[in-house]
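In what follows, a single structure is set out as structure tokens and then discussed.
Please treat every number below as a calculation from the coordinates, not as lab data. Source: prediction; values computed, not measured. Counting neighbours? That spans all protein chains shown, and the Cβs are built from the backbone with ideal geometry, glycine included.
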Amino acid sequence: MNLTLKIWRQKNADAKGGMETYKVENISPDSSFLEMLDILNDQLINEGKEPVAFDHDCREGICGMCSLQINGQPHGPGRGITTCQLHMRKFRDGDTIYIEPFRAKAFPVIKDLVVDRTSFDRIQHAGGYISVNTSGNTQDANAIPIEKHNADKAFDAATCIGCGACVAACKNASAMLFTSAKVSQFALLPQGRVEATERVLNMVKQMDLEGFGNCSNTGACELECPKGISLENIARMNREYLKASVK
Ligand code: SF4
Ligand code: FES
């Protein structure tokens, strides 16, 4: 496949960025999107030019590092996949592909396609944990019976990989789907009830402090989420928040 790539280039956080055009040739439809970018970068390095900076780690849909807005869609075309799981067969020979970083005030661009998502880490630090007594009297987690329905829902919420596609998809750059997944995974389990009140209040407060917008109620986040995190988590977080606020 021969392709034209329009890629966002930005030297650093303070520089003014812009789209640059590149050509890549003889790309196999079986290569992944990131392999295609590797080929472009080899080409740029051989020409003595600066390679395109982009985030990646596991390249198997687990770590949540890859984060590209491809033709205006977070993680590109296809449902339930991350950028690293996207293959070039989703495109056609001769296509022009637009590649940009995830856009949100709370995700400032560091360089080219790399954004700073430490705002997500700070939301996690605000309450995404449980306290366990490890003094030697630790109770076996399996000794606490948990209703299967709740265990399944908690597990589903815990599959959030913190990629930020929900934020990039939302016209308000809202982090409600991410934060609600992190709140839900504990709210549904007895181990998470101990700190439930402070957790939801602190995590929502941090989410607002970071500059994320409010839920737009459009459901774009759920549609673009590679892990299928459901909007019902946002409803659960709102209920948790209301309960905590009147306590
Ligand atoms: S909710 Fe989905 S889109 Fe948002 S950070 Fe988690 S995995 Fe990514
Ligand atoms: S590189 Fe880890 S999810 Fe894409």
query = In a GNM of the chain with a 10 Å cut-off on Cα contacts, which of Asn71, Asn214, Asn46 has the highest mean-square fluctuation?
reply = Asn46
query = For the pair Tyr98 and Lys205, how long in nm is the line joining their label points, each one 7 Å along Cα→Cβ?
reply = 4.0 nm
task = Can you give me the P(r) profile for segment 118-245? Cα pairs, bins 10 angstrom wide beginning at 0, each as a whole percent.
result = 13, 44, 32, 9, 2
key: CD proxy at 222 nm, helix term only [per DSSP H run n ≥ 4: -39500 (n - 2.57); per residue of the chain; nearest 500]   = -10000 deg cm²/dmol
request  = Beyond 22 Å between alpha-carbons counts as too far, so tell me which of Lys23/Lys171; Lys90/Lys182; Lys205/Lys247 fall in that bin.
outcome  = Lys23/Lys171; Lys90/Lys182
remark   = What the 10 Å binned alpha carbon P(r) of segment 3-111 shows, as percent of pairs per bin from 0, is 14, 48, 33, 4
ask   = What trypsin sites (Lys or Arg not before Pro) in segment 131-195 are in a loop by DSSP, with at most 14 other Cβ atoms within 10 Å of the Cβ?
value = Lys171
In segment 130-203, GluC sites (Glu not before Pro) in a DSSP loop with at most 12 other beta-carbon atoms within 10 Å = Glu147
query = How long are the semi-axes of the ellipsoid equivalent to the chain, from square roots of 5 times the Cα gyration tensor eigenvalues, in whole Å, largest first?
reply = 38, 19, 16
query = For Ile110 and Glu232, what is the calculated FRET efficiency with R₀ set at 25 Å and r taken between the beta-carbons, to the nearest 0.05?
reply = 0.15
inquiry  = Cβ neighbours within 10 Å, averaged per peptide: list 86-98, 31-43 in order, most packed at the top.
reply    = 31-43, 86-98
message = Multiplying the sequence separation of Ala13 and Ser31 by 0.36 nm and subtracting their Cα-Cα distance, what value in nm do you get?
response = 3.4 nm
ask   = Once the Cβ-Cβ distance between Glu50 and Asp152 is put in as r, and R0 is 51 Å, what FRET efficiency do you end up with, to the nearest 0.05?
value = 0.60
request  = Starting from segment 123-205, pick out the chymotrypsin sites (Phe, Trp or Tyr not before Pro) whose DSSP state is loop and whose Cβ has at most 13 other Cβ atoms within 10 Å.
outcome  = Tyr129
